[in-house]
1. Treat every Asp and Glu Cβ in the range 82-324 as -1 and every Lys and Arg Cβ as +1, leave all other atoms uncharged, and give the resulting dipole magnitude about the Cα centre to the nearest 20 debye.
2. Which value in nm describes the separation of the simple spin-label points at I159 and D256, placed 7 Å from the Cα toward the beta carbon?
3. Local charge sum around F324 (other residues, Cβ-Cβ under 12 Å, Lys/Arg +1, Asp/Glu -1)?
4. If you place +1 on the Cβ of every Lys and Arg, -1 on the Cβ of every Asp and Glu, and leave all else neutral, what size is the dipole of the range 178-314 about its Cα centre, to the nearest 20 Debye?
5. Using the count of nearby Cβ atoms within 10 Å as a rough guide to exposure, how do E272, E284 rank from fewest to most?
6. Past 31 Å, Cα to Cα: identify those pairs from K97/K218; K121/K317; K198/K292; K97/K203; K198/K317; K137/K240, in the order given.
7. Once you have a ≥ b ≥ c as the square roots of the Cα gyration tensor eigenvalues for the range 109-202, tell me rounded if a/c is under 1.5, and otherwise prolate or oblate according to whether a/b is larger than b/c.
8. Taking a ≥ b ≥ c as the square roots of the Cα gyration tensor eigenvalues, with a/c under 1.5 meaning rounded and otherwise prolate when a/b beats b/c, else oblate, which class fits the range 82-324?
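Each value in this text was obtained by applying a stated rule to the coordinates, not by laboratory testing. This one's a predicted model, so the numbers in the text were calculated from it and none came from an experiment. With ideal geometry, Cβ positions are generated from the backbone for all residues, glycine too; neighbour counts draw on all protein chains shown.
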Amino acid sequence: MSGQKKSGDSIASVCIWFLGAMSLLTVCTTTALGQESQPDPPGISEPNSVTQKKVDNPAEESTTSIKKRRILSKVGPQQMTPEQQEEAERIRQLNAKFGTDPTAITGRVQLSSQFRNLSRKASSILTVARVDLPFKKDYLLRVRAPFLQSSIPGQTGTINAHGFSDLEVVLGWRAYNTPEYAFFIGMNAVFPTATGNKVGLGKYSLGPIIATSRFLPKWESFLFGVLSHSVSVGGDSNRKSINVSSLSLRISTIWDERWWSVAQAGWRLDWERSTRGSMNLELEVGRNIVGKWGVFIRPGIGIFGQDLPGAYNWNIKGGIRYVFAGF
């Protein structure tokens, strides 16, 4: 692995590149097929203007076609040398071992705690126990059990609430997997198991989740994208409905056999609140301490929409995880 890293590249530029590439992939390129011109009737000596134009500018037409092919070749799957494929496989396995690959089918036991500074001088501490259970090679069952403690200033003083929050379950399948590309699709379900109204949403919700990965040979890193959508399908009729989309783009870099970093940009769109959105930036730094155990710290800052549910002014998260192979 190369010792030189381009740390000066900002996450914003990579996100713009990725979104632009994805938008280009969705464009259906069409090629105009010219029809063979008919021979001129007898007595008409003037050549057809369209045919004459094609004959006069063959070099220009050829150059345009080459440019189109070059653009599409940069957007689509890239040709990789055997050395690059070998490096992609090595880094992919390390990402799976460290728990930074959202498309990996690996087991995990993780405990994390997060302090969030919220709008209106409120704050919360979210502690989450997470268990991932892989089975049949390409399937994964994930369970997240959160415990929430929050402090919310009110007219009569600060309101403190604590208790178990809503249980989250994900069932997913890795549909495609190569050293340089992977595609994961699943279904996310949330159950209103909170012990109080202040620590849960009071709704059953359901929605798809998609994760992709792509190797970046230039940075010797992986680019991951995670897209999810959640809508309420039942629960307390007095609580506000849920209709939220989330997107995160992250670059994971393995610095050596023990250290890693993850730079992430996340967006959240709330369709129930006038289609308002929020954005945050987070940076995770982690280290493998012994065997399959790793620790990490993950600070973050809100860019806009900090007053929306799920957003924050700033936060700091830390945790410990144990990652094991599938069954």
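1. That gives a dipole near 620 debye.
2. Those two pseudo-labels are separated by 5.1 nm.
3. +3
4. With only Lys, Arg, Asp and Glu charged at Cβ, the dipole is about 260 debye.
5. E272, E284
6. With Cα atoms farther than 31 Å apart: K198/K292; K97/K203; K137/K240.
7. Prolate, since a/c reaches 1.5 and a/b exceeds b/c.
8. prolate
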